[in-house]
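Report on one structure; see the data block that follows.
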Amino acid sequence: MAALAASRRRCRLPLYDFLAPRPARIWVRTAASASAQSEPASLPLTEEQRHFLDSALRVNQAGELAAVLIYQAQTPPVIRSHPHLRPLMQHMHDQEAGHFRLFNDLLAKHRVRPTVMYPVWRLAATALGWGTALMGREAAMACTEAVETEIGTHYNDQVRELLAWLRAMEARGERIGPELADLVATLRRIRDEELEHLDHALGNDSKHARPHELLTSVIRGGCRAAIRISERI
Ligand SMILES: [Fe+2]
Ligand SMILES: [Fe+2]
């Protein structure tokens, strides 16, 4: 009886499912709809939340495209002079390719348009990967260090924002839909993998790149600018 009562109480809680395909819907089980066994009512996302998710998915896809292209360009020169790095370069590339596929799928599912800067980022990322690899293994690793420092922070900011949403929902007694919970878990996993790349770069002498400060500052500045632009257009 107690379990049944708890289950009935749970059914009356609103269920938020932020990433339902557009038109974006938040499923809310109301007392009336639950008792009538009808389809749950739905509410739209707030404009601000929709905008945040659109921007987040768009910029993440652009960032992962750039990461794949950087590793694709870096790998041949780096492993030619340092063959022992082949498994590491392959591992990092494969993880980035997995991230890219994931955001491609999310963009298609939620009908978010890619950034209009897509062709520009393709060229810039390839040039960055190729240029740093030609400067040597340390410079290639300094590129990863710089990029992953910015990207790790970027994913952390998104996770923090989404966790604030979840806390607010829980405080209002609302249930969190599986897609939103999955998104938070996915962003956390990807952030951890980016930070793992950062550790690999540091462990492979990224700090010995010359000139390390200048190189990483320029790349980090470029990343921040690309993120801001991709969020908007
Ligand atoms: Fe990635
Ligand atoms: Fe990465």
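Every number in this text was worked out from the coordinates using simple rules, so none of it is lab data. Remember, predicted model here, so these are calculated numbers, not experimental data. So basically every Cβ, Gly included, is an ideal-geometry build from the backbone, and we count neighbours across all protein chains shown.
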Cα-based Rg (one decimal) and Dmax (whole number) for the range 46-232, in Å?
17.2, 58
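Note down the relative contact order for the range 46-232 as a percent, whole number, built from C-alpha pairs under 8 angstrom at least six residues apart. Walk me through the numbers before you get to the answer.
Numbers: 194 pairs, mean separation 57.8, N = 187.
In percent, rounded to a whole number, it is 31.
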Please compute the Kirkwood hydrodynamic radius over the range 70-163, one decimal place, Å, based on all pairs of different Cα atoms.
14.7 Å
What is the dipole size for the range 46-232, taken about its Cα centre, with +1 at each Lys and Arg Cβ and -1 at each Asp and Glu Cβ, in debye to the nearest 20?
420 debye
